[in-house]
Amino acid sequence: MTWPSHILAGVALAKGFNLSLPLTVAGSLAPDLAEMLVGRFVCNYWKGLSYAAHRTWTHSVFFASLFLLASWNIPPVRDFFIGVLFGHLFLDAMTTMGVPILDGRKRRITVFGGKLHTWSLGEFVTALITAFVFYAVIPS
């Protein structure tokens, strides 16, 4: 999924569930931002690392769920990890690549068959439907 789709989901989550808008949207972008930072800074620092593989530990459902549960009673941190898990990983799990359960090496999960391709019309239609569900259907 693309950043506009993740931002849309983050805004819908925040508004629909009365969460912190900036923190939920930041969480919805965090896995890709972390991947970029690892690739740009860590891999440049340690010359033995050539790149940060796409959708590995930064997209781990296990770690995002663990951090969400651990932060449940700390609303700002909780809102951030709700954005990570539902504004980012849930949407990425709808794509053909899916998301890793743990570290991205072997097991990946997809939802709804994992049929979407990034930058496709289907991605944006699905993002709009998901945002509507997050904003209007589930909270009511």
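What follows is calculated from the coordinates using simple rules that are stated; it is not laboratory data. Remember, it's a predicted structure, so these values are computed and weren't measured experimentally. Heads up, the Cβs are rebuilt from the backbone with ideal geometry, glycines too, and the neighbour counts pull from every protein chain shown.
Observations, loosely collected:
- Exposure proxy ranking for Ser28, Ser71, based on other Cβ atoms within 10 angstrom of each Cβ and starting from the fewest, stands as Ser71, Ser28.
- As a proxy for reagent exposure, Phe62, Phe134, Phe90 were ordered by neighbouring Cβ count within 10 angstrom, fewest first; the result is Phe62, Phe90, Phe134.
- As a proxy for reagent exposure, Lys15, Lys115, Lys106 were ordered by neighbouring Cβ count within 10 angstrom, fewest first; the result is Lys106, Lys115, Lys15.
- Approximate spin-label separation Ala34-Leu128, in nm, with each point projected 7 Å along Cα-to-Cβ: 3.2 nm
- Anisotropy class of segment 3-137 from Cα gyration tensor, a/c 1.5 cut: oblate
- Modelled FRET efficiency - R0 35 Å, Leu21 with Arg107, Cβ distances, 0.05 increments: 0.60
- Counted charge near Ser5, where neighbours are those whose Cβ lies closer than 13 Å (Asp, Glu -1; Lys, Arg +1): -3
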